[in-house]
1. Near the amide H of Val64, under 5 Å away, which other amide H atoms are found, from residues 5 or more places off or on another chain, if H is placed in the peptide plane?
2. ³J(HN,Hα) across region 173-179 via Karplus (A = 6.51, B = -1.76, C = 1.60, θ = phi - 60°), whole Hz, x for Gly/Pro?
3. Filter the chymotrypsin sites (Phe, Trp or Tyr not before Pro) in region 161-197 down to the DSSP loop ones having no more than 12 other Cβ atoms within 10 Å, then list what survives.
4. Just subtract the alpha-carbon distance of Ala178 and Tyr95 from 0.36 nm times their residue separation and send over the number in nm, one decimal.
5. Please get the size of the charge dipole for the chain, origin at its Cα centre, with Cβ charges of +1 on Lys and Arg and -1 on Asp and Glu, quoted in debye to the nearest 20.
6. Give the residue from Leu122, Gln106, Leu87 lying farthest towards the positive end of the charge dipole for region 72-127; charges sit on Cβ (+1 for Lys and Arg, -1 for Asp and Glu) and the dipole is referred to the Cα centre.
7. Taking H placed 1.01 Å from N in the peptide plane, check which residues at least 5 places from Leu130 or on another chain put their amide H under 5 Å from its amide H.
8. What FRET efficiency comes out for the pair Tyr13/Ser58, r = Cβ-Cβ distance, R0 = 22 Å, nearest 0.05?
Amino acid sequence: MFDENIIREIKNYADMNNVPIMADSSMRYLMNYVDKHSVRNILEIGTAIGYSAIMLCSVHPDVVVTTIERDEKRYLEAIKNIKKMKLEERIHLIYKDAFDVSFDEQFDLIFIDAAKAQNQRLFERFERNLAPEGTIITDNMNFHGLVEKNLEEIKSRDLRQLVRKVKDYHTFLENHYAYETEFLDVGDGIAVSHKIA
């Protein structure tokens, strides 16, 4: 049974410590997707403090999440949260940079929620681990509304480069021959890329 009090504590910690976690509407969408498509084996890139991995495990007792985090403080917090929820058997936490990790296994769903500038590289690195007819879901595609803006309107050079990379990733997904991508205005924007080839 999932302890709502612990979930509240995790969300409060994220709020107090400026840890970005999924918007409620995005989390609901992802959980519904996992439920509706009978997803059981998930790879998550970007654990943060374990919130989304825990919520995905709440969908069905057979859901297993492998999740990668490179920030030590967040990784240690995620371990604590996963233990509190007694999910050590179902959430496999890896403390590494995602580009230093490789798998032989295949996943029904790959969820990318890491450094936005690396979305395309992460997609290309891990798509070989996607099961036939699997799905890659990417969060923060609107990037706080900045993707809609004209790049010239963004004052900060670093931010402008980041927004350009998110826009380029959008184009990359739109034109990918092997995937059909739906862009949803849920939370901070979600891309749902379904493997077709």
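Every number here is computed from the coordinates shown, using simple stated rules; none is lab data. If you're wondering where the values come from, they're calculated on a predicted model, not measured in any experiment. All Cβ positions, even for glycine, are placed from backbone atoms using ideal geometry, and neighbour counts span all protein chains on display.
1. When sequence neighbours closer than 5 places are left aside, the close amide H contacts are Asn41, Ile42.
2. 5, 4, 9, 6, 5, 8, 10
3. Tyr177
4. Full-extension gain reported as 26.8 nm.
5. Dipole about the Cα centre, nearest 20: 440 debye.
6. Selected residue: Leu87.
7. Amide H neighbours of Leu130, under 5 Å, 5+ apart: Phe107.
8. The pair Tyr13/Ser58 has a calculated efficiency of 0.75.
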